[in-house]
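Structure first, then comments.
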């Protein structure tokens, strides 16, 4: 009765979830520490090292939010499917006199 590409929603959710996993897997701390050590007595190196943990936390938060988007798309597909089924059954009952 309703029209949407539920499979496309689920494929999108899976793809977005994969991106969230990739984002969550980024750990800049070690690389930034290497850069900081390569620039001893440097304000830039020191600032980079101080930034590494907040950057890691921001990436974790971004991954969590992107996963939430994927979950919402999955939930939307499931809810849409259930609503479509319920409306179809109601309409069928109305048109054909079944309950």
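No value in this document is a laboratory result; all are computed from the given coordinates. Since the model is a prediction, treat every value here as computed from it, not as a measurement. Here Cβ is always computed from backbone atoms with ideal geometry, including for glycine, and neighbour counts include all displayed protein chains.
Observations
- Were the residues from residue 90 through residue 5 laid out at 0.36 nm apart, the gain over their Cα-Cα distance would be 28.4 nm.
- Amide N proximity, region 48-92 versus residue 27 label position 7 Å along Cα-to-Cβ, cut-off under 19 Å: 49-64
- Helical runs (DSSP H, four residues minimum) scored at -39500 (n - 2.57) apiece and divided by the length of the chain put the mean residue ellipticity at 222 nm at -30000 deg cm²/dmol.
- Taking each residue as 0.36 nm, the span from residue 39 to residue 78 lengthens on full extension beyond its C-alpha to C-alpha distance by 8.8 nm.
- The value of relative contact order for region 6-96, using C-alpha pairs under 8 Å at least six residues apart, is 43 percent.
- Length gained on full extension, residue 64 to residue 14, computed as 0.36 nm times the residue gap minus the Cα-Cα distance: 16.6 nm.
- For mean projected area of the Cα convex hull in nm², calculated from these coordinates, the label among (i) 7.9; (ii) 8.9; (iii) 5.9: (i)
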